[in-house]
Amino acid sequence: MSDFRKLSDTMFASPQIGLDDVATARDLGIALIVNNRPEGESPDQVPGEEIEAAARDLGIAYLAIPITHAGFSHPQVSALVEAMQSADGPVLGYCRSGTRSTLLWALARASMGEDPAALADAAANAGYDVAAIRPAMDALAAQAGNGN
């Protein structure tokens, strides 16, 4: 059963998805699925290559930006920024719980100059807490010219 949580008009986050969820994503107009789980993180996860094949069969783009226990890096943030900017519609990010996908989205949007407080509110409305990365969000937003 899908648990897609709307972060914005262009981004959804979800706990681990299955093959049936790919069709649900298509029905919602999702244009790109971003896998934020490293392969083999859990024995019960659907392999990324299976999600990718199902997505491509339904005309949905797929991208893997794995986030490990090591945390977030600038290349990961940049990769999501680029993916969001080039997507032909809404993006669905998924990981074990949806938290890493939400945190990466918040960092990416902050790096694009969005207000960290508004991003934190949007994440909270979807059931996610970005407090752990709030200083990084503030720094990225300040670098982008929005020090709110």
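Some points to look at:
- Residues of the range 113-125 that turn out to be within 20 Å of CYS95 (Cα to Cα) and surrounded by fewer than 19 Cβ atoms within 10 Å (Cβ to Cβ), as a count: 2
- Cβ-Cβ under 6 Å pairs, at least 6 apart or on other chains, the range 43-66 side hydroxyl-bearing (Ser, Thr, Tyr) and surrounded by 17 or more Cβ atoms within 10 Å (Cβ to Cβ), far side part of a strand (DSSP E or B) and at pLDDT 95 or above: TYR62/ILE33
- SER78 part of a loop (DSSP other than H, G, I, E, B), in contact with a helix residue (DSSP H, G or I) (Cβ under 9 Å, 6 or more places away or on another chain) and without any contact (Cβ under 8 Å) to a residue 40 or more places away in the chain: no
- Failed item, numbered, when PRO43 is tested on (1) modelled with pLDDT of 95 or more; (2) over 24 Å from ALA131 (Cβ atoms): (1)
- Residues that are in contact with a Leu (Cβ under 8 Å, 6 or more places away or on another chain) and under 23 Å from ASP129 (Cβ atoms), drawn from the range 85-106: PRO90, VAL91, LEU92, GLY93, THR102, LEU104, TRP105, ALA106
The values are calculated or read from the model by the stated rules, or taken from the named source; none is laboratory data. All figures in this text were calculated on a predicted structure; none of them were measured in a lab. Glycine also receives a Cβ, built like all others from the backbone with ideal geometry; neighbour counts cover every protein chain displayed.
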